[in-house]
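Trainee: Take a look at this one; I'll ask things after.
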Amino acid sequence: MFLKIKNIPKVYWSSDKPSNLKPKISTSFFLCFGLIIFGLGEGLLIVSASGASPWSVLAQGLFLNIGFSVGIITIFISFTVLLLWFPLKQKPGIGTILNALIIGLVIDACLRYVSTPENYINQILLGAVAVVAVGLGGGIYLVANLGAGPRDGLMIGLQKKTNLPIAFVRGLLEITVMSIGWYLGGTVGVGTLLFAFGIGPCVALSLFLVNRLFN
């Protein structure tokens, strides 16, 4: 059922519009809570050493071909994705800014305090948990409706244009990015595949659960 979701649900703590500069306390809380869970998942995926996310694979592949640092390329990719928002009529908000700040801080905390499992099976399991966390966190903060991050905004815009299920749009987006990165020489691991194929259903599940719990 949740795989057929096509819209971001609205609940009592959702903002009326993404550009709201004075959101309710409950809206701000769930926005930050979702971003913390999202960042935790991103950090755990890196710590798991089971494979980078598809967008990191793309950055690595571009690095191998054009020579800039992976960090600079990641910033370039983010700005490029934001430019794609304009034809899709997506608007940034507070959440767009907090997306970068909170997720970055939580990733750093994970890298500092969480150790990589020595057992390969445990690395894969941690990678799977990380993907679920990113999906759940993503769904929560998107429902707050205070502006999406660059990639999530692209997902929402494409969904509105195509009217396809969110799970399908996000999955296709991640698989495409991963494939391009791999073709350019980026390294793909089991965690990368888990993310590419699992993030769409996990985001859709999160949206479904939030809608059921708060409506």
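Trainee: So is Phe214 crowded, with 23+ Cβ neighbours inside 10 Å and in contact (Cβ under 8 Å) with a residue 60 or more places away in the chain or not?
Mentor: Values: crowded, with 23+ Cβ neighbours inside 10 Å: no; in contact (Cβ under 8 Å) with a residue 60 or more places away in the chain: yes.
The answer is no for Phe214.
Trainee: On to the next question. Any residue in region 61-89 that is within 14 Å of Ile180 (Cβ to Cβ) and touching a residue at least 60 places away in the same chain (Cβ under 8 Å) sitting within a Cβ distance under 8 Å of a residue that is in a loop (DSSP other than H, G, I, E, B) and of a type in the set (Gly, Ala, Ser)? List the pairs, counting only those 6 or more apart or interchain.
Mentor: Every condition considered, the pairs that remain are Gly61/Gly185; Gly61/Gly186; Leu64/Gly185; Leu64/Gly186; Asn65/Gly185.
Trainee: Can you name the helices (runs of 4 or more DSSP H) wholly within region 123-215 that have at least 2 residues being of a type outside the set (Val, Ile, Thr) and within 19 Å of Gly61 (Cα to Cα)? Step through it out loud before you land on a result.
Mentor: Numbers: elements: 150-162, 166-183, 190-214.
Qualifying helices (runs of 4 or more DSSP H): 166-183, 190-214.
Trainee: Output the residues belonging to region 89-122 that are closer than 19 Å to Ile199 by Cβ, among the hydrophobic types (A, V, I, L, M, F, W, C) and either under 15 Å from the mean Cα position of the chain (by Cα) or not in a helix (DSSP H, G or I) (or both).
Mentor: Ala100, Ile102, Ile103, Val106, Ile107
Just so you know, all these numbers are worked out from the coordinates, no wet-lab data involved. Remember, predicted model here, so these are calculated numbers, not experimental data. Cβ: placed from backbone, ideal geometry, glycine included. Neighbour counts: every protein chain shown.
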